[in-house]
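Below is one structure; the comments refer to it alone.
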Amino acid sequence: MATNVSGCLVKMLVFLLGVVMGTGLTAVAGVLLFIPDRTTVISVDPTSTAPGVYVKKVDRVVGGTYYEIWLGPSPDRGHVVTVPAGWEHDPQRETTGDGMRLKFDNGGEIFVPKASYS
């Protein structure tokens, strides 16, 4: 009879240890996901014709580094274009009457309609 009680007690202690560790890991993961990103403006082109072009580097604790191009009146307001991974972060810009075309060295292009940033 003593063997059953000690075996049951060990199982309960292992279960409680798992609950405590699971709760702790969930709390740590939750904190890491809510740490704010660090954003650095690395290129500014506030042209006289709309829109201004602002290239930002975003460093994340979880998820690495990526680049954003903001089209608008200021670095903190405008339309955001996330640059795909592996593409350069400072494309050639071609403004047309319909919008702006961002041309990258790898042959990729992103077109942003004028209604998005004006």
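The values are calculated or read from the model by the stated rules, or taken from the named source; none is laboratory data. Because the structure is predicted, anything quoted here is derived from the model rather than measured. Positions of Cβ are backbone-derived with ideal geometry, glycine not excepted, and every protein chain shown enters the neighbour counts. Note: areas computed on protein heavy atoms with side chains; ligands, DNA, RNA excluded. Shrake-Rupley method; radii C 1.70, N 1.55, O 1.52, S 1.80 Å.
Assorted remarks:
- Residues located in the stretch 16-36, provided they are touching a residue at least 24 places away in the same chain (Cβ under 8 Å) and not in a helix (DSSP H, G or I): I35
- Test: T40 is open to solvent by 70 Å² or more (accessible area, probe 1.4 Å) and either in contact (Cβ under 8 Å) with a residue 40 or more places away in the chain or β-branched (V, I, T) (or both): no
- Looking across the stretch 87-115, the residues that are open to solvent by less than 50 Å² (accessible area, probe 1.4 Å), under 15 Å from G72 (Cα atoms) and under 24 Å from the mean Cα position of the chain (by Cα) come down to M100, L102, V112.
- Qualifying residue in the stretch 66-83 (condition: open to solvent by 60 Å² or more (accessible area, probe 1.4 Å), assigned to a loop (DSSP other than H, G, I, E, B), without any contact (Cβ under 8 Å) to a residue 60 or more places away in the chain and closer than 30 Å to V28 by Cα): no
- Among the criteria (1) open to solvent by 60 Å² or more (accessible area, probe 1.4 Å); (2) of a type outside the set (A, V, I, L, M, F, W, C); (3) out of contact with any strand residue (DSSP E or B) (no Cβ under 9 Å at 6 or more places or on another chain), the one K57 does not fulfil is (3).
- Selection count, the stretch 43-54, where residues are modelled with pLDDT of 75 or more and either touching a Ser or Thr at 6+ places or on another chain (Cβ under 6 Å) or open to solvent by 100 Å² or more (accessible area, probe 1.4 Å) (or both): 0
- Restricting the stretch 50-65 to residues that are part of a strand (DSSP E or B), without any contact (Cβ under 8 Å) to a residue 24 or more places away in the chain and under 11 Å from the mean Cα position of the chain (by Cα), the residue that is farthest from Y117 (Cα to Cα) is G64.
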